[in-house]
Amino acid sequence: MEKLIINGGTPLRGKVQISGMKNAALPIVVASLLTNDVCVIENLPSISDVTLTLTILEKMGCRIRMLTRDRVEIDSRPAVCGSSPVELVSKMRGSTYLLGAELGRWHRTKVGYPGGCDFGVRAIDQHIKAFEALGAEVSVDKGCVTAAAPRGLHGSSIYFDLVTVGGTVNAMLASVMAKGTTVIENAAHEPHIVDTANFLNTCGARITGAGTDTIKVRGVEKLHGCSYAIIPDMIEAGTYMCAAAATSGALVISNVIPKHLESISAKLEEMGVLIEEYDDSVYVTRSGPLNRVNVKTLPYPGFPTDMQPQMGALMCLAEGTSYLNETVIENRFKYTNELQKMGASVRVVGHTAIFDGGAPLSGAKVRAVDLRAGAAMVIAALAVRGITEISEIDHIDRGYEDLVGKLRAVGADIRLVVYNDTQMLDEA
Ligand code: EPZ
């Protein structure tokens, strides 16, 4: 088993380079199945969810070749429909995209029910609604989702009952080669939706309106391979912005799209953090006390739910009472129990966490209960003097490339250690 050992209290100073966006890489890698050709995808983050997705495609018959650390060539011509390994698919939510890609290419699909962070139900009823609107018959049975459209897929009008990132992506994947035009209403606006649409259009699709409420997909006969670079990860960038604020540091965070960070920057500036924006970087520093703040998570361009735990860690350090209202994911406050082990004064009332900040935190033994919760524990640990041990850090590896290396390079005292139940085996 592995854990992180952090000796906190040092202001982070220097430059952090942001990697490609996890939640754009997953749909785009899977969407390459639709091309039945060869695609080269660049700026891939070296994270376990991407490795897992590439492994799943390889098990399905695709030829995968890593050209460099962050460039991959995917030949999807040999791929076999319905052959994704259930035990791998069940490890992450991004597996849902296999449904849309298989349907779009083969007019049938069979995929194990997706897994991922434990936030509660994480239904896929809206995905199913989209597939049925396009002419597929869908069933969920014995842990598998199967669908088929024996007469092919036809354009349709899809109105999502709620804003869903995954549902919006899957509706695009399934409709790009349907006969006729599909209109997706109440679509998600996230930058990774736009990136996925841009990738598909580079492959010959005809998608307009991505990034707005209404996406129009004109079906085409076929797609072809392409070369495409993933956008930078706004959530990774926001996480390092919070780390700079938490440690009274000064970080240049490069390879970002500042516009994607607007809601995060706005809330950090409300807390007294200084942020300077440049073409593809932001400079983040904090010298005075952190002000209390109220945050409500919303679909993009609102404050992202994937930054909610990180903001919670920061609220522990702010003087006064802060309110953090989660409106997107059902149950995303488990990390507050871990912050309480460090001395945080926080309580959860319904979908709102209330932080009575300013009380001194101390190092402790804590768990990374999910991906972004793990990032929150790292931020809290970096901010407080003393040793914090974070276990179950495989969650963190799913979404953060070289977290230890990037933090060490800006002055963090952080170590990755391997241990069994009784002793430390190795230090990375
Ligand atoms: C994506 O999950 C991201 N994952 C999540 O990021 C992110 O938190 C989420 O979007 C919201 O931005 C990936 O992109 C791989 P949704 P997804 O469909 O697609 C409910 C991270 O940390 N819902 O927008 O599953 C659902 O239960 C991860 O990187 C339905 O009820 O999000 C959820 O509460 C965590 N029925 C809410 O909507 C449906 O058919 C948002 O889901 C679909 C969703």
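The values are calculated or read from the model by the stated rules, or taken from the named source; none is laboratory data. Source: prediction; values computed, not measured. SASA here: full protein model, heavy atoms, side chains in, ligands and nucleic acids out. Shrake-Rupley method; radii C 1.70, N 1.55, O 1.52, S 1.80 Å.
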Original post:
In terms of Cα to Cα distance under 27 Å, which lysines are near enough to K129, apart from those fewer than 8 places away along the same chain?
Top reply: K22, K91, K110, K142, K179, K216, K222
Original post:
How much of the DSSP beta bridge set in the chain is antiparallel, as a percent to the nearest 5?
Top reply: 75
Original post:
Shape of segment 22-219 from its Cα gyration tensor (a ≥ b ≥ c, root eigenvalues): rounded if a/c is under 1.5, otherwise prolate when a/b > b/c, or oblate?
Top reply: rounded
Subject >> K365 accessible area, assembled protein chains, probe 1.4 Å, Å² >> reply: 150
Original post:
Using a cut-off of 14 Å between alpha-carbon atoms, which aspartates and glutamates can reach K259, once sequence neighbours fewer than 8 places away in the same chain are excluded?
Top reply: E190, D233, E276, E277, D279, D280
**OP:** Find the eigenvalues of the gyration tensor of the Cα atoms of segment 332-410, then list the square roots of 5 times those eigenvalues as equivalent ellipsoid semi-axes, largest first, in whole angstrom.
**Re:** 21, 16, 10
**OP:** Quick one: P(r) of the chain from all Cα-Cα pairs, 20 Å bins, percents rounded to integers, in order of increasing distance.
**Re:** 27, 55, 18, 0
Subject >> Cα centroid separation, segment 198-245 to segment 1-34 (Å) >> reply: 18
**OP:** Can you give me the span-like helices of the chain, meaning DSSP H runs with 24 Å or more of Cα extent along the axis and Kyte-Doolittle mean at or above 1.6?
**Re:** none
Original post:
Taking Cα centroids, how far is segment 332-359 from segment 273-316 in Å?
Top reply: 17
Subject >> Surface per residue (accessible, 1.4 Å probe) for the chain, Å² >> reply: 38
**OP:** Heavy atoms only, probe 1.4 Å: what % of the accessible area of the chain goes to carbon and sulfur, would you let me know?
**Re:** 50
Subject >> the chain: calculated mean residue ellipticity at 222 nm from DSSP helix runs of at least 4, using -39500 (n - 2.57) >> reply: -8500 deg cm²/dmol
Original post:
Excluding same-chain residues fewer than 8 positions from K341, which lysines have a Cα within less than 24 Å of its Cα?
Top reply: K3, K365
Original post:
Cα-based Rg of segment 118-235 per 2.2 N^0.38 Å, rounded to two decimals?
Top reply: 1.06
